[in-house]
Amino acid sequence: MTPARPRGGRRTGAPSPYVPRLRLGLLVAVACAPLGACVRAAARPSGSGGPPTDPPGPVAVVSGSRITKGELSDFLYARFREPWIEAVDQLVDERILALERGRLAVTVPPAVLDAAVEAEVAARTQQLRARFGEGADLGASVKAYYDLDLARWRRDVLRPRLETHLLLQRLVRLSSRGREQVLARLIVSKDAERARALRAKVERGADFSLLAVQESEDATKAVGGVLPPVGRGDLPLRALEEALFGAPAGTLVGPLEVVTAQGREWHLYKIVQRLAPWPEDAAARRELVEADLTKSPVTKAEYERWATAARRRHGVAVFAPDGSVLRLDGSGR
């Protein structure tokens, strides 16, 4: 039987922490096509090392004609734009991680990384056997398609990718918990009078979360208006941030008029809790972040808020192959 090629796919079972699209190695697709390229490029990234006069090698040669990496990038952007954007996002995330991991003393406990590797190998084996039968073997598949034995694939490909993913989780959480935070719920209305009427209902005793489910015009209505924790510096609107951080727990803020890409809205907030920043001591923070991630894994909303703020802080600009600016945040658009 021909060895089955490991492919991506969503793992069944208990829900896993949010993994931003193709960013950071994909817990659910660690054996996908880019793995071979990752190993081959380890000695020197394509076109980025060596003397400036040393041109990058081609990706292919056809009848003596070179297909360059620039042509490949143009082709991927034109034909497979979303994966191209996701790959750029992954590179940006990894560059930011490299810049900030030292400042925040971000580390992954060896036992956590070991457990993640074992869990991924077991899940990948189960996935292959479920698809191709009990005779399917992960080691044979890795060898057939990447010319690597299973031990080297685990060490040189899987382990670094999982470590990067786990480091990013810790960076996101440490970046937010190192600052004062506010936990809040939100109701959004397109009508100012309606927003004021909803506030009056809450003041008369109506349940804020139930009203959010029934009345809010925001995606958070599905979870009763719950917002991811808001840290100092997360919000681009300074007046909104000051209003939220200036209110004690249990009080209402708004409705505040906010202009968004969708138009003019009125936001009504309920302050649920104020969280003090974690201590400056690196050892104490390492203990806190491990316990915190066990209780509440990084969510998509938390990641996207961090990504947008980090890109703004580091002056990230992303360019299409023709040199035009693609977008300036972590939205992937």
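The values are calculated or read from the model by the stated rules, or taken from the named source; none is laboratory data. Quantities reported herein were computed from a predicted structural model and do not represent experimental measurements. Glycine gets a Cβ as well: all are built from the backbone with ideal geometry, and neighbour counts include every protein chain shown.
Quick check, is residue 177 crowded, with 16+ Cβ neighbours inside 10 Å, modelled with pLDDT of 90 or more and basic (Lys, Arg)? Against the criterion (crowded, with 16+ Cβ neighbours inside 10 Å, modelled with pLDDT of 90 or more and basic (Lys, Arg)), residue 177 does not qualify. Of the residues screened, residue 280 is one that is of a type outside the set (A, V, I, L, M, F, W, C), under 18 Å from residue 177 (Cβ atoms) and loosely packed, with under 11 Cβ neighbours inside 10 Å.
Conditions tested, residue by residue: (1) touching a strand residue (DSSP E or B) at 6+ places or on another chain (Cβ under 7 Å); (2) among the β-branched types (Val, Ile, Thr).
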site: 202; (1), (2): yes, yes
site: 229; (1), (2): yes, no
site: 241; (1), (2): no, no
site: 244; (1), (2): yes, no
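Flag: residue 158 does not match the condition of being touching a Lys or Arg at 6+ places or on another chain (Cβ under 7 Å) and either part of a helix (DSSP H, G or I) or among the polar types (S, T, N, Q) (or both).
Per the conditions (1) touching a Lys or Arg at 6+ places or on another chain (Cβ under 6 Å); (2) under 25 Å from residue 228 (Cβ atoms); (3) surrounded by fewer than 18 Cβ atoms within 10 Å (Cβ to Cβ), the sole criterion not satisfied by residue 106 is (3).
Once segment 55-99 is narrowed to residues that are of a type in the set (D, E, K, R) and in contact with a helix residue (DSSP H, G or I) (Cβ under 6 Å, 6 or more places away or on another chain), the residue that is farthest from residue 324 (Cα to Cα) is 93.
With respect to the conditions (1) hydrophobic (A, V, I, L, M, F, W, C); (2) more than 22 Å from the chain's Cα centre (by Cα); (3) closer than 30 Å to residue 316 by Cα, residue 105 lacks only one, and its number is (2). The set of residues from segment 223-237 being out of contact with any Ser or Thr (no Cβ under 7 Å at 6 or more places or on another chain) and aliphatic (A, V, I, L, M) comprises 223, 230, 235, 237. Residues considered: 157, 142. Of these, the only one that is β-branched (Val, Ile, Thr) and within 23 Å of residue 95 (Cα to Cα) is 157.
A quick yes/no check of all residues on (1) in a loop (DSSP other than H, G, I, E, B); (2) touching a helix residue (DSSP H, G or I) at 6+ places or on another chain (Cβ under 8 Å); (3) surrounded by fewer than 17 Cβ atoms within 10 Å (Cβ to Cβ):
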| site | (1), (2), (3) |
| --- | --- |
| 196 | no, no, yes |
| 200 | no, no, yes |
| 240 | no, no, no |
| 247 | yes, no, no |
| 264 | no, no, yes |
| 294 | no, no, yes |
